[in-house]
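J.: Below you will find the structure I want to go over with you.
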Amino acid sequence: MIPTEPLFVWATDTLDGLGNPTKAAPPPEQQQTGLVVGQPWPRLWLNYAHNNHAQYIKYLVEEPVGTVKMVTTGTIVDPDAQWGGTWSTTTDTVGTVAVDVFTKTAL
């Protein structure tokens, strides 16, 4: 179900009041392995992660009208509540599998 609270946003500025960066992507080796036990999570990486997640959630919530999603028939009960916006539904068959085709018709 889509949340009704305002979207969580974090670290939207590039620099803080002192001119220091507010976020930075972790180096590839950290992205590959994650943090090890007892390793602190640097502020820049935390800000980067929260900012990235918030942007992705915003993208999903604000999908443009005309977006199409296909799922196995009966998987989604209420697309308006689960994805937000208004969706129309048709049922089709792909091979031998029945699928519901959802098209976003309004925000």
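J.: Looking at A11, A54, can you tell me which residue is small (G, A, S), within 30 Å of T103 (Cβ to Cβ) and outside the structural domain of K104 (by TED's automatic domain parsing)?
T.: A54 is the lone residue from the list that is small (G, A, S), within 30 Å of T103 (Cβ to Cβ) and outside the structural domain of K104 (by TED's automatic domain parsing).
J.: List every residue pair whose Cβ atoms lie under 8 Å apart, where the two residues are 6 or more positions apart in sequence or sit on different chains, the first residue falls within segment 53-66 and is among the charged types (D, E, K, R), and the second residue, located anywhere, is exposed (fewer than 12 other Cβ atoms within 10 Å of the Cβ).
T.: Cβ pairs passing all conditions: K58/L7; E62/L107.
J.: Confirm whether A81 is aliphatic (A, V, I, L, M), farther than 14 Å from F102 by Cβ and either in a helix (DSSP H, G or I) or not assigned by TED's automatic domain parsing to the domain that holds T96 (or both).
T.: No: the conditions fail for A81.
J.: Sort out which residues of segment 3-27 are free of Cβ contacts under 8 Å to residues at least 12 places away in the same chain, touching a Ser or Thr at 6+ places or on another chain (Cβ under 8 Å) and of a type in the set (A, V, I, L, M), and write them in order of number.
T.: L15
J.: I'm told T105 meets every condition in (1) among the polar types (S, T, N, Q); (2) within 26 Å of L7 (Cα to Cα); (3) loosely packed, with under 12 Cβ neighbours inside 10 Å except one. Can you identify the failing condition by its number?
T.: (3)
J.: I'd like the full set of residues that are small (G, A, S) and surrounded by 12 or more Cβ atoms within 10 Å (Cβ to Cβ), limited to segment 71-97. Give the derivation first.
T.: If we filter segment 71-97 for residues that are small (G, A, S), which is where we start, we get 74, 81, 84-85, 88, 95.
Passing the criteria: G84, G85.
J.: May I pose another question? Say we look at segment 16-73 and pick out the residues that are among the basic types (K, R) and assigned to a helix (DSSP H, G or I); which of these is farthest from A106 (Cα to Cα)?
T.: Checking each candidate, the answer is R43.
J.: Here's a follow-up. Please name all residue pairs, on different chains or six or more residues apart, with Cβ atoms under 8 Å, provided the first residue is in segment 28-51 and is of a type in the set (F, W, Y) and the second residue is assigned to a helix (DSSP H, G or I) and surrounded by fewer than 10 Cβ atoms within 10 Å (Cβ to Cβ).
T.: Here the result reads none, with nothing in segment 28-51 linked to a residue that is assigned to a helix (DSSP H, G or I) and surrounded by fewer than 10 Cβ atoms within 10 Å (Cβ to Cβ).
J.: Could you tell me which of the residues V68, V37, V61 is of a type in the set (A, V, I, L, M) and either surrounded by 14 or more Cβ atoms within 10 Å (Cβ to Cβ) or on the phi > 0 side of the Ramachandran plot (or both)? Talk me through it step by step, then tell me what you get.
T.: Numbers: V68 fails: either surrounded by 14 or more Cβ atoms within 10 Å (Cβ to Cβ) or on the phi > 0 side of the Ramachandran plot (or both); V37 fails: either surrounded by 14 or more Cβ atoms within 10 Å (Cβ to Cβ) or on the phi > 0 side of the Ramachandran plot (or both).
Being of a type in the set (A, V, I, L, M) and either surrounded by 14 or more Cβ atoms within 10 Å (Cβ to Cβ) or on the phi > 0 side of the Ramachandran plot (or both) holds for just one of V68, V37, V61, which is V61.
The values are calculated or read from the model by the stated rules, or taken from the named source; none is laboratory data. Source: prediction; values computed, not measured. Because the Cβ atoms are built from the backbone with ideal geometry, glycine has one as well, and the counts that use them run over all protein chains shown.
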